[in-house]
Amino acid sequence: MQASGSLQTLNRSGLPEAAGLLARAFHADPLYRFLVPEPVRRQRWLAVLMRASLQSCLPHVLAVRASGRLVGVAAWQQPGATGRASFLQLLGGWLAVRPSLRAVGRGLRVQALLMRQRPATPHTYLYLLGVSARVRGRGFGLRLLQEVLRRAQERPVVLDTANPDAVPFYVRQGFNLVGRLRAAGGGPALWVMRRPGG
């Protein structure tokens, strides 16, 4: 089902609202539950992390609004981007919730593991795609994804997810499973997916 709603490219001023939506959308994500098990700390950390992650993707941050309300966000990186949010941005997120050194180590190991899965050839990396829980299943995520694919301009698109429910969604949009990893220390499964270019 194709959702209605207006798409807009976000600039820096739109990031706080978008980061808040993504923090709520990813609150129950298996990877983030593993990294920060305590729910209140996780929500605070995600708010900081999502803002840093969105900043690392500018100007490639897209929002969809329905009835004037933000309902979904996608962020991606084109070839030549420096990768995930920088170490200092991640450290700032960790310090905001004062986690254990073990949790910080887990987070850095997961980041390194995922970065090693990125292909060396030019590609678009779908960093984040999140939709408000109250409108999930109504096509807003699909609308965002289709626009990201259009803007990828025939390049392959790569993503990773710890959400098993997301895998069939991406398969239906032409993504192939290219790797299944597990975060060290008893972490969740991580799926690496790629959609061929052309």
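The values are calculated or read from the model by the stated rules, or taken from the named source; none is laboratory data. This is a predicted model, so every value here is computed, not measured. All Cβ positions, even for glycine, are placed from backbone atoms using ideal geometry, and neighbour counts span all protein chains on display.
Looking only at segment 115-124, decide whether some residue is under 22 Å from residue 49 (Cα atoms), touching a helix residue (DSSP H, G or I) at 6+ places or on another chain (Cβ under 8 Å) and modelled with pLDDT of 80 or more. Steps first, answer last, please.
The first filter runs over segment 115-124 and keeps only residues under 22 Å from residue 49 (Cα atoms), leaving 115-118, 124.
Within this subset, residues satisfying the condition of being touching a helix residue (DSSP H, G or I) at 6+ places or on another chain (Cβ under 8 Å) are 124.
Still in the running and modelled with pLDDT of 80 or more: 124.
Yes, segment 115-124 contains a residue that is under 22 Å from residue 49 (Cα atoms), touching a helix residue (DSSP H, G or I) at 6+ places or on another chain (Cβ under 8 Å) and modelled with pLDDT of 80 or more.
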Residue in segment 27-84 that is nearest to residue 157 (Cα to Cα), counting only those that are of a type in the set (D, E, K, R) and surrounded by fewer than 18 Cβ atoms within 10 Å (Cβ to Cβ): 65
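Here's the yes/no breakdown for (1) assigned to a helix (DSSP H, G or I); (2) closer than 28 Å to residue 7 by Cβ; (3) not aromatic (Phe, Trp, Tyr):
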{"position": "125", "(1), (2), (3)": "no, yes, no"}
{"position": "147", "(1), (2), (3)": "yes, yes, yes"}
{"position": "158", "(1), (2), (3)": "no, yes, yes"}
{"position": "197", "(1), (2), (3)": "no, yes, yes"}
Inside segment 177-198, the number of residues satisfying the requirement of being touching a Lys or Arg at 6+ places or on another chain (Cβ under 8 Å) and within 16 Å of residue 146 (Cα to Cα) is 1
Test result for residue 20, modelled with pLDDT of 90 or more, touching a Phe, Trp or Tyr at 6+ places or on another chain (Cβ under 7 Å) and either not in a strand (DSSP E or B) or not polar (S, T, N, Q) (or both): no
